[in-house]
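So the structure is just underneath, and the comments pick up after that.
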Amino acid sequence: MVSRGGLSPPALFSNSLAALSKHPNNNPGCRATRNFSETSIFSPINFYSMNRTTKSLIILGLFLAIFTSSCKKDTLPDNGTVLSSQYNEIKVDQPSLKKQLVTGLGGGWGCTIGPDGDLYVPDGKAGAILRIDPKTGAYTTFASGLPKLIPEVGIGGIADVAFLDGKAYALVTMVDDPNLFPTGQINGIYRIDGPNSYKIIADIGAYNIAHPPTGFEFFVVTGVLYAMQQFSGRFLVTDGHLNRVLQVSLDGKISIVKSFKDIVPTGLEVRGNQVYMSQAGPVPHLPENGKVLSFSTKSPAVTTVGFGAPLLVDVEFGRGQTLFALSQGDYSGGPEGSPALPNTGSLVRVNADGTFSVIADELDRPTSFEIIENTAYIVTLTGEVWTVDNIADPPFGRNHQKNLLHRHE
């Protein structure tokens, strides 16, 4: 019933239900596990009576729940934390104007700026990487033939793309799990060698199976890879399900840089030897759990640079080294794993005192962003790219960056 590159719906759910009920990392009291009770909409009787659209929506909710599957509340230690208040008020600047640049894409999480200055966005449904002209929005296919999103899973495929020494690399996730959807495909990093050719340089799924985390419950043993960032000739990769940051070399060596409790690591940014990371926080994605963290790969200390926006998914530096973060939006209050409410996302600036200021609001479930000059390019879960101009005012935050770096000296 299982073929390479795809799964029939019966195979997916018969395997996943059995695996979830028997897997040693499952706790019957967990929220994610309770969704599979006999009275749940995920039971086989209810599932098979649904149409294809409803099934896809339910599976999407299930695997979004991967990021928040632990029963434990966010209890990140305060080592190096510079903020003392429990709640952080968001300051609202005059919102910048936003404009739709591209629509109709297959949907993806990440994006990057290539050596040519164009925007590169993964299309999970097509198994392709798209190159977008940031001025016109016109796009072409840069690479294809990569593992596609599994429709019955509803999430995954190419999660992110990055360049290193002029070469493109794709981060692929959720295309195989031995317990839930065994396909034989590889979750990891793919080097793009041509328009239709690639080489797998790192099997992160196999590494995660051999090196499982401890201290919280999880059920996708291959992990859920979210973002990839070049760093000192290697790559850093966040895993939003196994709650850690990995370091991957070009020869396929993998190591754990940072392990966290249930905080849901998402986006990455690097300045010098300092790594900046956004965290979504566990359900119910309270604003105080949406944080920007900073750490060095050579130190165990983790510093909270700012917090106060729900479900943070990315972080980037802009002009003058002003730091920005992206919030997917307000928790809907629905079942665990539900996306943020539509049109509640925001782009925020991280202030020197650890507060956030809203630069643009009413974004529809954004997932990542990049900055070209003084314009933010925002990718959404719905397959759109939006621009926000003039995000940093003169003097472009020079004093702000000095204050942020002073915290790590």
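Points worth noting:
- Put simply, the amide H of Asp314, placed in the peptide plane, has neighbours under 5 Å in Gly267, Leu326, leaving out anything fewer than 5 places away on its chain.
- With the convex hull drawn around the C-alpha atoms of segment 91-406, the volume per residue stands at 125 Å³.
- Translational diffusion coefficient of segment 225-337 (Stokes-Einstein, Kirkwood radius from Cα pairs, 20 °C, 1.002 mPa s): 150 µm²/s.
- Close amide H contacts of Val257 (hydrogens built in the peptide plane, cut-off under 5 Å, sequence separation of 5 or more or a different chain): Val245, Leu246, Gln247.
- The phi torsions of segment 273-281, fed into the Karplus equation with coefficients 6.51, -1.76 and 1.60 and a -60° offset, translate into couplings of 8, 9, 9, 10, 9, 8, 10, 7, x Hz, rounded to whole numbers, with Gly and Pro shown as x.
- Rounded to the nearest Hz, the phi-derived 3J(HN,Hα) couplings of segment 160-175 under the Karplus curve 6.51 cos²θ - 1.76 cosθ + 1.60 (θ = phi - 60°) are 7, 9, 8, 10, 9, 6, x, 9, 8, 9, 10, 9, 10, 9, 6, 10, where x marks glycine and proline.
- Pairs from Lys167/Lys253; Lys98/Lys125; Lys148/Lys298 whose Cα-Cα separation, in the structure shown, is over 28 Å: Lys148/Lys298
- Positive contributions from Lys and Arg (+1) and negative ones from Asp and Glu (-1), summed over other residues with Cβ under 11 Å from the Cβ of Pro134, come out at -3.
- Distance from the Cα centroid of segment 289-360 to that of segment 207-273 is 18 Å (rounded to whole angstrom).
- Amide hydrogen proximity for Ile372: with H placed 1.01 Å from N in the peptide plane, the residues at 5 or more positions away or on another chain lying under 5 Å are Tyr377.
Here, each number is a calculation from the coordinates, and none is a lab measurement. For clarity, every value in this text was computed on a predicted model and none was experimentally measured. Note that each Cβ is placed from the backbone with ideal geometry, even for glycine, and that neighbours are counted across all protein chains shown.
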